[in-house]
Structure formats: C-alpha cells, structure tokens
Amino acid sequence: MIPAPFEYVRASSVEEALAALAEHGEDAKLIAGGHSLLPIMKLRLAVPSVLVDISGIRELSYVRVDGDGADAVVAIGALTRHHELETSDVARAEVGLLPHVAGRVGDPQVRHRGTLGGTVAHCDPASDLPTALLALGGDVVLAGPGGRRTVPVTEFFLGFFETAMDDGEMIVELRVPRLGDAGWGYEKFTRRENDWPIVAAAAVAGRDGGAARVALANMAGTVLRATATEQALAGGASIAEAAALAAEGTSPTSDMHADAEYRSHLARLLTRRALETATTPISVAA
Amino acid sequence: MSILGTRVVRTEDPLFLTRGAVYTDDLADPRLAGALHATIVRSTVAHGQVLSVDTSAALEAPGVVAVVTAADLTGLDPLPAGAPNVNQAMTRPWLAADTVRFVGDMVAVVLTEERYQGEDAAELVVVDIDPLPAVIGTEAAARDDVLLFPEAGTNVVAALGGPAPEDLFDGCEVVVTQRVVNQRVAPVPLETRAASAVWGEDGRVTVFCSNQGAQQAKGQIAGWLGLDPALVHLVTPDVGGGFGAKIGADPEFALVVWLAQHVGRAVRWSESRSENLLGMVHGRAQDQVVTVGGSRDGTITAYSLEIDQDSGAYPRFGPVLPGLTMLMAPGTYAFPRVHARARALATSTTSIGAYRGAGRPEATAAVERAVDLFAAEIGMDPADVRRKNLVPAFDTPFTTATGAVYDSGDYTAALDRVLAAAGYEQLRAEQAACRARGDVRQLGIGMACYVEITGANTGFGTVEEAELEVHADGTATVLTGTSPHGQGHATTWAMIASDQLGIPVEKITVLHGDTDRVPRGGGTMGSRSLQQGGAAVHQAAGELVALAKKRAAELLEANPEDLVVDLAAAGLAVRGTPGTGISFADLAAEEQLLVHTTFSAAAPTFPFGAHLVVVETDVESGKAQVVRIVTVDDAGTIVNPLLADGQRHGGIAQGVAQALLEEVLYDPDGNPQTSTLADYPFVSATELPDFELVEMATPTRMNPLGAKGIGEAGTIGSTPAVQNAVVDSVAHLGVRHIDMPATPMRVWRAVQQAQQEGN
Amino acid sequence: MHVTITVNGRQRTEDVEPRLLLAHFLRDVCGLTATNIGCDSTSCGACTVIVDGLTVKSCTVLAVQSEGAQVTTCEGLAAPDGTLHPVQEAFRTEHGLQCGFCTPGMVMASIGVLADNPDPTDREVREGLEGNLCRCTGYHNIVRAVRTAAQAGPSAGRVPQTQEVHS
C-alpha cells in the first residue's frame, strides 16, 4: 500500500516550515519521523495534499537543562527522536521517566525515526510519551504565525487526536520540570512487547510536598490524568485506596483488545503498581 | 561415517543472505519487462447484492490500460465447489457479478502501467452493493436464516459421520463435556501471494507464482481456465513461507493468466499484507464439543468429538479439514469407544484452507483438553491420567477406533522423557509453593501427547519422483517434485544423494518447481517431503549406482557384483583392488549417467511426541507468559538435525501463537477486525522462550530412510500444551477451561467468574 | 523531484515521485530486492535497512526524506571477495533462516542490536528484534545467531565503510 500523491516541501528552519504551512493552509501536514503519519497515509486514512518535511531542522533536536536552581527545567527539542531521548544522559539524570518511556515506544526502528514533537502533536489516546508528559507536567512550546506561545501539557491534549495547537502552528519544544529525588513508575500493559498499550499508567511521586500525579493511556479519547486517584492521595489515602479510584472519570472504549470493564480493572491495577514503584526508594530500578 | 544424521548448514544460505532469495515479486525475468500491474478491487461489504460496478472514472486515471469486471469474463466457468460430498451449488465466481459473500470477494481488476497507479485507479472503481445480513460464526450459519447460496438451500457445505450411539457413555462413572473453540487464525507467510504470467508466441503461457507445488498449481490453473495443460509452463521461484496456505493455485493466479491473454501483455500481481489477510485462506476455525467419560481410577472408556467447521464463504479445504480431525480424534489414547462427526458451514468470511497441521492440531487440542478436564474432574494428576490411557508401545501397525493405522510409536516413553527433562516433580513442588504463598505470578504446567499423520494421501497418492544425473565435471543434479519454501531440500536432498555417491553436497544442485523440467510432483505439504521426495532421491541414488556398476563392469572388465562404491573417490572400485576404479564423473563422460525413478511409500507415517509447557500467569491482570517449552518430537530417523530442529522451533512458535495470541476477528456485520499486522497479533520474539528439545527417534518401516514428517509436529504438540498450562496456572482458583487465544482478558474473566461461582 | 541517496556506497541521483517509499526506491529503482516488504503497517521489519548508521523500516520512510543519506542494505554487507559479514555468517551457521523472507531485514536489525549492545543477553536480543517478525524459525536460532555473531567482536555491529562516492 502506498500513499495518495502529494506535494513535498522540505523545510530547513522553523520559519520555512511556518511559511509553508501558511501558504498551503489546512491541506498541508507536517512530517517529522513520519511513523504516525505515513502508516495512515498508506492506508489512505490521511490524504494531505502537501507534506512539509521538518525532519531536517536539526536545531530542534536537543535535551538540555534550561535555567538555574529551582526554576530550571529540562528543555527538549520537538524533533528529538525517541532513541535520542532514550539515551540522553541529561534526560536520564533529570527526568528519568521520560527516557524510560521513550525506550518503550514501538520497536528500535520506530524509535530511530519517531520524534517527541510528532507523538505529542499526533495525540493518540494510547500513546506512551504523552502519558508520561502528563504525569510529569510542564509546557508545550508552540511556534506560529503570531510568534511563540506556551501551553501547559495539562491543557494540551483535548480529545481524540485533538490538541490545543492551532492550524499553522508547530511544536518546537517541550519543557519538563526536573524530577529531583521524586520517584516514578510506568506500567504499560500489552499483549506483545511492542504493541500499543491496552492501558498504561504513569506515576510521579509528590515533589516538594505536593501530591503524586498519575496519567493514563487509552482510558478515554485522549490521554488523561487519574484525578480521583490524585485527589485521594492528596487527601492522605493509601496507594491501594487511591488506585481503586483510577477509572473514575474515564471513558474507556470496548474493542477487540479489551472491553471497558477490563480496561477499568487494568487502570486500577496499573495505577497501583506504578504508584508502588514511584514510592519505592530505589525507584529508578525500573 | 555417513553424512546422514549430521548438522549440515544449508547450501541455499549464502545467496539468501547476500543478494536475497528471489521471490515472485522480485523477478527481473526479461519476459516480464514492461508487464502491466494488476490491482484487485475487493468487496468492502461482507454479504450483499452487487447493483453496479462503475469503472468510468478509473478508466480515465493515469496509466490505466483496462478495468476488468465480471461482464468481461465471458466463457469462463465458475470455480467448482470441490469434492463430491460438497454441496455442488456453492461455486465461486471469478469476479462477483451478482452477490458478494465476504469482505475481500473479488469484484474488478485494474491493469496499469505502473505499480503505484493501480492503487490510485482502484480507488476510483465505484462498487454499489445492497447489503444483506452477514453470516458470522457457525451457530448463525447452522440456523440457515440467511443463506449464502440460496440455490443450495442450506449453509451446510458438507456433513461427515453419523450421530453418536446412544449408549456411548453408558457405564461411565464420570462424564465431562465442554464446548471448545479452535479459533480462526491467519497463516501469514511473510511473503504475500504473487503471480505473473506472460504468453509466448508459441501459444504457451509461462506462469510464475508463489506456491507449495508447481505441478498441482499448474493443473488447477489449466483446469479452471479450460487450457490444455501442455500449454502451461509454471515456475515456482523462491517462496517466502507457505504453511499450507500456498497449497495449489489461488483463483487470483489463474485470473492473472487470463488477464495476460486478454490484454496481450505480461501481467504481474502481488498483494499487500492487508489484501493478504482478506484474500489468502485462513486456518483452523472449528467449534467443537468434547465429551469424555470413564471411571474415577483414571480410565477413560468413551470419547466424543462433534465439530462445526467454519468453512468460509467458498468451500476450499474447509470440508476436508474436519475429516482429518475425525480420523485423528483419539490421538495417542486407547479409548475403547470413540465417536466423531462434523459438518462444514458456509459463512460470510474468508475461505478456510490448510494451515500447519491442518486438521490434526484441532484433533489434538480437543482430546488433550478433554483429558485435562477429565483429570481435573476426578482430581488426578494429568500425567497419570495420560499414562493410564495411552496406547502401549507398538512396532507393528495399530488400528485406532477411528480407523487410522499408526505405523509405530511409544507414547509413554515420549511422555516420560519430556517429564523427566522438564523436572516435572520439581515443577509441581514449585507450583504448590507459589499457590501456598498466594503469589501474584502463578505457575502453570501443561502437557500434551500427540500423534499425527504425515505423508497422507491427499489425492495425489503417496508417491514422489526424482531424477538424478551425474555430470562429467563431477557435479550432479537432482530434480524433485517436492517444493521447498524454507525446509532446505536443496541441502537435504543433496545429502541423501551424496551419502551413496560420495559427491560432495556443494557439488549437487537440486532443482524443483519448474513444470517443464519436473512434470510430475506432489509438492511440499502434509510433512510428506522427506519420507517421499527424500526417499525418491535415495532410491534414485541406489539406481544410479546400479547403472554405474553395469557400465563400469564393461569398461573395467569386472563382474558388477565385485564393484563397490568408493565414497572418497565418488566412484566405483573393484572390491579388494585399490586404485582400479572409475569415478561416476568419468562414467558420465562416456555416456549420460542419469536415472529417473518413482518412489511409492508403503503408507503414511505417524510421528508422535509429548510437550511440556510452563507458564507464569499474573493472576491480577490475567496475562500469561510462556517461560519454558520442553518437547519430544519423534519423527523417526533424522537426516539433518539442524534443519529438523528448525522445523520443530517454527512449529512450536506457531502453536504458542495460536494458544496465546492470534485470532482472526470479524464484527457482527462481517467486517474484518484484524486486517493489518498492527491488529493481527503475530507472535514476536519477546513472547517466546528458548525451546528445550529432547531427542527421541523411532524409525518407521514405511520408507527406506526410516523418516516420518517433522514439519507440523511442533505446532500440533505445543498448542494444547500451552493452553493446558494457562488453565493449570489458575486451576487452583476454580478455573477448568479457557478458550484460545488465552488473552489476558479471557484469563482474568475466567478467574473472576470462577471466584463468583465459588462464593 | 530529484533525490540523491548513497546506497551501499554508490551515490544515486534519481527523479522520483515524492510519495515513493524508500523500500520501493531500493527495490524498483535500484533493483536491490533483498529488502522485502511484508506488511503495510510498520509491523514486520522485513524492509529494515540501515540509514546513517541506524536501523529503519524503509516502508515508512519516503525516498525524498533520505536525501543525502547513506543507506546500507543486506546486499551491501559482504566483503567484495564474498566473505560474509559476521551476522550473515552466524545466521548461516546457526540456521537462523528458513524461507529467507524476513532474513535481510532480520540481519540488518541484528546488526543494529549489536551496534547498541555488543554483548547482549538472550532477552536483550529478543527485545532488540521486537520489530522484526519471522514465521519460520520461532526466533530460537535467530537469537542464537545474534549471540554467536557477538563473539566475533565489535565488527558484528558495524556496516562496511563504504563512504567513498562513486557516481
């Protein structure tokens, strides 16, 4: 199977990419690693008339600590490939959950091509890295015709393949708070190692006296936080008590992999396990 | 020392590893230069009336040479329903004119200059279909509310066997019955189907296609198209796996031949994986009811197997499959009373074909589940129940309650050997400790004993031909009617010839799959190749030696009886007189040294074995992981252990795949849910452990090599062993049965239900 | 549009449709048919090649996205004298292939595994090959082959140095 014909534009800078998007309007799609877009183009579920290739903008590939002291965050270029994130010493030292989860995306070949910005923009409800980002918090930095703006991760994933990004915009950076000593856990439930998760749960232990955060994949039209669990934990509930609430407020689908009842069970189970890992002193052992 | 029985690496591999094998879609044959590309338009509706097929827009698309619909296919009879016991009204149209019967039914073909143009143009063919209710599952089919072939009057394709005797279970202390699903799976050879055809000025057509037997494929294509078989030259290039699904020709291949004639140009077709998952046959698809009765001491006295075979939309192998299952119903057991019956039913789904084991895995899965259910009911160790009921060791033919004649076997030895190798007692002790601790991860131990039929007469006899020629340069050529597609015949057949001639393996070329060079042959299926094709090569080598002796006797002025083979010299020598001989090559230089022989096997053979599987099941999530697989697979004498082990490995993996992962799914409207490899859970390396193979070899007398088939055995044993292990892992929680594939959700739900029932 | 790609050390400039997949570029334009296509969904890995030192599935990369890239296929591994790459050799000795269809992709993916981890455990090999499907071998001998190749040392994780440009 092959994609329908399209026009191809290679952008060598953010400005060129934005100009191409402005010129071609909503018929244009950005392509980075292409591992979300090309498969659906081959099935002709997506038929863009123009592809703007941003994969050559190498200055958008980096992982670094930005700022000093308490305000410092980890800044990750949107075109950082999963493999680069997985093996980044900075990421491993500062936001261990993220490289761990990057290493669980797809298979090695997919990780060699797929990018963080691409997976965030694609906004698949079963996607690993957006789930991890939701648990970590932070911001998505967008560039558009009107300049740059920042959207908190918690306000970015709006619905089924729907984000807070406007037409003509592109993701240029993710800014993630450093984890410090906070533990984390990621529980991805699949039938085969490299499948999309049937359900996944990411947990980050409370930082600086705050409450723990939990995010879920594939429990609704988009990745979402387990707010009932988070509130219960903030109120002093045990992990077991809080995890029992993980499916509250979710709307899982029933499909050939799992029905809604089983997904809800998995959400509770995986949340408990992720929280247990996050609060175990040797948390990075995962 | 004989080369037979040694681990010879494959002569095929250097090319496969560097330039790559040359599959049908790789062909750069000059006759195919400028070939048109065929793209098939398939129904997206499971069942419906075709109102119109509008090709006008497609005809305008770039590169389109023709768009062919049913209206163009004049003079072609529909594809026949099959064997006489099949409902003869169930014929298949080449391209649907009135009715479509499954998602994937062929409606039109687009011919384009370039490959990429085909998909664009195919999208522009507008097929208007008025949907009818789909028939999904054997239960729905059996109701006959909706008929796929109204003129047939029923959805029953064929019925096999009669009702059970009323007294079958009389006198049984314990009777257990269970509905068992042997689910529909997709064969998924990594190479999808492909064919190309070019007509020559001599009026003959050359067909290249991916199949498991060129001669059979040629016969079918000629027969379907009404061609003189002498006009068809079929060539089988390298084949990227078959697993039964590439037996014979598919209608698409014949259509390519017809199209090439219709447009007067070479035509090539290769399908995408998505098309393959709709258009290539599926396997298994049996709904079974097993009933087993006996006494509390573990003796089983009666067994019944009732089968509803989902046959798919058009009868192919579907009506044949349950016959093999019925034949092998009692498996390795000496049950005094056995009853089996089946019916095959038409449904709005892809047709069912042969898939690794074809009928025998279904028999083994049923009986091995039944024995475990019986063991659980009476509270006895499943190994002990098996020992009590296995057919005792025999080396003269044993006739089963269903009429199969097993050649030789020692099933108890196989079971004992696998249990010893696995450390069964220790495993049970570990399991008991796990259960006592209430661990989240629980051990499950599953076993299966199996016997299967290989080299069966599937309509082409139990014969195979071989031609062997030694050349003056010291090389040799073997022509065989078998059709390797991964099995390594080029190496093994060369070993067999080398064993008697002394010509090194690397100097022996094995040719196959060209109907002009090898007009007759049975192909590779049903684990027949070594015991028939290999035996034919063995026989040919013997005959060549005899011929050589006759010739050499004249040249050397010796008595033929005084001549012996000098393997080191690849020739003959006068007994007791070193340095007086003549090589086969020198004899060939004098006069062509060639023999052609037909080997006829005495009867099919019945390889057997026992598998033991250990799983760890996360009882909170229901996910089971296979941690150990220990197998005894007795296939008689082994010619090349390296390759035989490879066959076992692949078979074992496909069994694990069926037991834990794979299933073709349709929604109630007949829409396929597993039509890409992103959705169809093909087993990958991470779901499998290393395999622990235990050796055992009981030679057969049915062929001079002593060999039985090994191609399918692994799948037949591992499938029920894994399933039994998963059930065993949660048996202490009250679970007695879980259907395949034992998905985490199924296991979890079984535990939930058992606990609710227990409360 | 024009694209320039160096394939197995040979630089090629071709006029291609933007939608041409790298897999089809290699097979149909370059005539290098060892690289096979086994699915439509980036699942099977039969089309795996090495692009600029990293394994990728060439069915999910556009040829135009490989502008300026160094691509190595299975045809580019053996030495000019025919000596097999350590991974090719190990696949042969361990019987890591049967029908051969997954093999070129599996060999390339195995080189990728060894490039990242010169001495992987069985489990690491299996995880490293999770993107490559094989129907024949049950993976057992493939895992053995990768472990065997690792014993050849660092060369098992390298592709030949064919950076010089021929045009």
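The values are calculated or read from the model by the stated rules, or taken from the named source; none is laboratory data. Note that the structure is a prediction, hence the values are computed from the model and not measured. Positions of Cβ are generated from backbone atoms using ideal geometry, with glycine treated the same way; all protein chains shown enter the neighbour counts. Quick note on the areas: whole protein, heavy atoms, side chains included, nothing else; ligands and nucleic acids left out. Shrake-Rupley method; radii C 1.70, N 1.55, O 1.52, S 1.80 Å.
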Check: What quantity of accessible surface, computed with a 1.4 Å probe and excluding non-protein components, is buried in total between chains B and C, in Å² to the nearest 100?
Finding: 4200 Å²
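Can you flag which of B:Lys218/B:Lys550; B:Lys246/B:Lys549; A:Lys188/C:Lys57 are past 31 Å Cα-Cα?
B:Lys218/B:Lys550; B:Lys246/B:Lys549
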Item checked: Quotient of Cα Rg and 2.2 N^0.38 Å for segment C:86-157, N being how many residues it contains -> 0.93
Checklist line | Between 0 and 90°, nearest 10: helix A:260-278 axis offset from chain A longest Cα axis | finding: 70 degrees
Item checked: Two-decimal Rg/Rh across segment B:463-600, once Rg and the Kirkwood Rh are taken from alpha-carbon atoms -> 1.00
Next item on the list: Using DSSP, restrict attention to beta bridges with both residues in segment B:273-354 and report what percent are antiparallel, rounded to the nearest 5.
Entry: 45 percent
Next item on the list: Work from the charge dipole of the protein assembly as shown (Cβ charges, +1 for Lys and Arg, -1 for Asp and Glu, about the Cα centre) and give the residue of B:Pro133, B:Ala429, B:Gln49 farthest towards its positive end.
Entry: B:Ala429
Margin query: Compute the distance from the alpha-carbon center of segment B:591-622 to that of segment A:199-219, in whole Å.
Written below: 51 Å
Checklist line | Chain-alone versus full-assembly comparison, segment A:177-192, residues with accessible loss of at least 40 Å² (1.4 Å probe) | finding: A:Phe189, A:Arg191, A:Arg192
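Calculate the FRET efficiency for B:Glu591 and C:His2 from the Cβ-Cβ distance with a Förster distance of 45 Å, rounded to the nearest 0.05.
After rounding to 0.05, the efficiency reads 0.15.
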Check: Quick one: accessible area per residue over chain B, 1.4 Å probe, rounded to a whole number of Å²?
Finding: 33 Å²
Check: Which value in nm describes the separation of the simple spin-label points at C:Thr121 and A:Arg92, placed 7 Å from the Cα toward the beta carbon?
Finding: 1.7 nm
Checklist line | Rounded accessible area of A:Tyr62 (nearest 10 Å², 1.4 Å probe) | finding: 40 Å²
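Roll a 1.4 angstrom probe over the protein heavy atoms and tell me the percent of accessible area of chain B that is carbon or sulfur.
Answer for chain B: carbon and sulfur cover 52 percent of the accessible area.
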Next item on the list: Mind checking segment B:634-722 for GluC sites (Glu not before Pro) that DSSP puts in a loop (not H, G, I, E or B) and that have at most 16 other Cβ atoms within 10 Å?
Entry: B:Glu695
Notebook entry, point to check: Tell me, what are the semi-axes, in whole angstrom and largest first, of the equivalent ellipsoid of the protein assembly as shown as set by the roots of 5 times the Cα gyration tensor eigenvalues?
Noted result: 48, 38, 32
Notebook entry, point to check: Fully extended, how many nm does the chain gain between B:Leu147 and B:Asp167 (0.36 nm per residue separation, minus their Cα-Cα distance)?
Noted result: 3.7 nm
Item checked: Low-density loop cleavage sites - trypsin sites (Lys or Arg not before Pro) in segment A:1-56, where at most 16 other Cβ are within 10 Å (DSSP) -> A:Arg44
Check: Of the heavy-atom accessible surface of segment A:7-53 (probe 1.4 angstrom), what whole percent is carbon and sulfur?
Finding: 51 percent
Notebook entry, point to check: For B:Arg701 and B:Ala546, what is the calculated FRET efficiency with R₀ set at 25 Å and r taken between the beta-carbons, to the nearest 0.05?
Noted result: 0.65
Next item on the list: Show B:Asp130, B:Asp105 ordered by accessible area, largest first, where the area counts protein heavy atoms only and the probe is 1.4 Å.
Entry: B:Asp130, B:Asp105
Checklist line | Accessible area in square angstrom per residue, chain A, 1.4 angstrom probe | finding: 37 Å²
Check: Which of the lysines could a cross-linker bridge to B:Lys708, judged by Cα under 17 Å and excluding same-chain residues fewer than eight apart?
Finding: none
Notebook entry, point to check: Quick one: if you stick a label point 7 Å off each Cα along the C-beta vector at A:Arg149 and B:Thr74, how many nm between them?
Noted result: 6.7 nm
Check: Based on the Cβ-Cβ distance from B:Ala569 to B:Arg387, what FRET efficiency comes out when R0 is 56 Å, to the nearest 0.05?
Finding: 0.60
Checklist line | Projected label distance in nm at A:Asp255 and B:Met1, using a 7 Å step from Cα toward the beta-carbon | finding: 5.6 nm
Notebook entry, point to check: segment C:93-116: which residues show an accessible-area loss of 40 Å² or more, assembly versus chain alone, 1.4 Å probe?
Noted result: C:His95, C:Leu97, C:Gln98, C:Cys99, C:Phe101
Next item on the list: Summarise the accessible area of segment A:184-280 (1.4 Å probe, protein heavy atoms) by the percent that is carbon and sulfur.
Entry: 47 percent
Notebook entry, point to check: Tell me, what ³J(HN,Hα) does each residue in segment B:617-624 have, in order and in whole Hz, if you take phi through Karplus 6.51 cos²θ - 1.76 cosθ + 1.60 with θ = phi - 60° and put x for Gly and Pro?
Noted result: 10, 6, 6, 6, 9, x, 7, 9
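Anything in chain B that counts as a DSSP H helix reaching 24 Å or more along its axis (C-alpha) with Kyte-Doolittle mean of at least -0.5? List them, would you?
Numbers: long enough: B:360-378 (27 Å, 0.26); B:535-556 (30 Å, 0.53); B:713-729 (25 Å, 0.39).
Qualifying helices: B:360-378, B:535-556, B:713-729.
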Next item on the list: Return one number: the angle in degrees, 0 to 90 and rounded to the nearest 10, between the long axis of the Cα atoms of helix C:103-116 and the longest principal axis of the Cα atoms of chain C.
Entry: 80 degrees
Margin query: Defining a contact as two alpha carbons under 8 Å apart and six or more residues distant in sequence, what relative contact order in percent does chain B show?
Written below: 15 percent
